[in-house]
Amino acid sequence: MSKKHVSRKLKSAWRKHIDISDVDQFLEEQRQDERIGGRIADKPDRELFSEEKRPTKAKTTLRELRRNKFGELPRSLLPLVNTSNVSDPVVKRNVKKSRVTLAPVAPVASVRFRKKGRPSGIAKPTQEDLWAKETPVPGELQNEWIAKELVHHTLAHTGKPLVTNLPARMDPEQRRVPLRKRLPAEGLSYNPAIDDYLELKDKLVKEEKKIIRHEEHLDRVLTSKLGKMTPEERYRTAISEMSEGLLKLDKNNQSEEEEDDKKKDEEEEEKPVVVAKAKKRISKAKKRARMLQHKEEKLLEQELHKLVEIDRVEEIAAEVEQEVQQTQRKAEFRVRKRKAMRAKLDLPIDFVEPEKLSGSLRTIEPLNNLLATGLPKVRKVGILKRTRAEVERKMRRIPTKRYTRSSHKEPMLPPTKPAKRTK
């Protein structure tokens with residue numbers, strides 16, 4: 001294509017008709033490189049890449065992220081931030097002040113952004129009269145010769161620490177837990193308070209006394225009331241009972257038996273003799289007529305009974321409904337009673353005597369009394385409700401057949417022939 005001749009007489013013509021796109025592209029690339037911090041191709045690998053074996057900073061938790069957001073600028077104000085690197089050409093700019101005078105407003109105390117200072121460890125003064133209360137320090141330790149540190153140490157190791165609920169001395173997880181829920185972790189060994197131990201001991205003593213009182217009552221009411229026999233008397237009675245009728249009776253015994261027989265005979269003779277009246281004979285026709293009449297009366301009675309029952313249909317329906325409701329109520333009551341019985345099953349108190357408490361907890365012997373530990377547990381397991389699937393799984397037995405490998409089979413021996421008899 002032939003180039004069009006254009007006049008470049010004026011400076012504006014030069015600007016209009018000269019191509020400077022390559023210069024603009026070069027300058028744009030240079031500007032972009034300056035924004036990045038130089039050309040990437042010219043940078044060494046050490047500046048571009050870094051090998052990180054362990055993370056230098058721990059992963060921020062969700063709580064820390066939320067806390068950091070309080071200090072950041074809100075998103076709604078981000079467009080107002082000046083992100084340009086060009087400085088303001090006007091050094092002294094007049095700031096316009098509003099002529100409307102507003103009444104001074106007291107600054108609102110922001111609870112949200114308030115930062116707590118470090119705990120000083122000094123308790124704030126309370127309104128209560130501390131001197132009116134009784135000190136938890138026992139009288140043995142209230143002595144001017146016993147130092148404060150020694151009192152704290154002694155009470156801390158007896159289960160009644162004076163200083164409690166210090167967040168600085170607790171684990172981070174336990175600092176925010178309320179007091180009523182602050183319990184030792186499962187599996188950890190800890191020393192319980194001596195009052196709790198004594199309370200458990202008193203409870204056990206009361207139960208044992210109750211059992212002893214019940215045994216004494218049974219001895220007083222039953223055992224002492226029954227007659228006691230010596231072994232010799234018991235042997236004599238057993239011999240006499242086993243030899244009844246075998247030994248010959250004495251003459252006195254024989255005479256007494258004869259007198260009894262005579263008396264019985266006299267009583268039988270004195271009884272009046274009752275003569276039965278002769279029955280009047282009835283003909284067969286009369287008998288048949290009586291039977292037919294009896295059948296008709298019975299049928300008539302049945303029909304009347306049916307009519308009465310038909311009239312009482314509504315009453316019978318109400319009675320049936322009442323019985324159904326009564327059976328349902330009884331079934332619900334049985335279910336509630338069964339649940340209450342399950343909940344009432346109490347295992348014996350697992351109490352360790354003070355003599356066995358010294359040393360490691362692993363050396364404490366468990367209760368070996370089967371009646372105290374095993375039997376109630378077995379009862380509790382037996383009372384627990386099982387599902388239908390568990391019962392069927394236990395009842396069903398899958399038939400199995402045992403096979404033996406051919407390599408393990410024993411060879412069948414030929415039948416032995418009977419030996420010939422020798423003549």
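The values are calculated or read from the model by the stated rules, or taken from the named source; none is laboratory data. Quantities reported herein were computed from a predicted structural model and do not represent experimental measurements. No Cβ is skipped: glycine too gets one built from the backbone with ideal geometry, and neighbour counts run over all protein chains shown. Heavy atoms of the whole protein, side chains included, go into the accessibility calculation; ligands, DNA and RNA do not. Shrake-Rupley method; radii C 1.70, N 1.55, O 1.52, S 1.80 Å.
Full extension of the segment from I212 to I40, taken as 0.36 nm per residue of separation minus the current Cα-Cα distance, would add 52.5 nm. Note that segment 286-344 presents 103 Å² accessible area per residue, ligands and nucleic acids not counted, probe 1.4 Å.
Accessible area per residue was computed with a 1.4 Å probe on protein heavy atoms; V137 scores about 30 Å². Summing +1 for each Lys or Arg and -1 for each Asp or Glu among the other residues whose beta-carbon sits under 12 angstrom from that of K16 gives +3. Accessible area ranking (1.4 Å probe, heavy atoms, ligands and nucleic acids excluded), largest first, for F351, F49, F333: F49, F333, F351. For segment 286-344, the square roots of the Cα gyration tensor eigenvalues, ordered a ≥ b ≥ c, give a/c of at least 1.5 with a/b no greater than b/c, which places it in the oblate category. Label sites at Q25 and E259, each approximated as a point 7 angstrom past Cα along Cα to Cβ, lie 15.7 nm apart.
Please report the net charge: other residues with Cβ closer than 9 Å to the Cβ of G159, K and R +1, D and E -1. Charge balance near G159 sits at -1. In segment 286-344, the portion of solvent-accessible area held by carbon and sulfur atoms comes to 57 percent [1.4 Å probe, whole percent, DNA, RNA and ligands not counted]. Between the residues L292, V335, I316, the greatest Cα displacement towards the positive end of the dipole of segment 286-344, with unit charges on the Cβ of Lys, Arg, Asp and Glu, is found for V335.
If you sort D311, D42 by accessible surface, 1.4 Å probe, largest first, the order is D311, D42.
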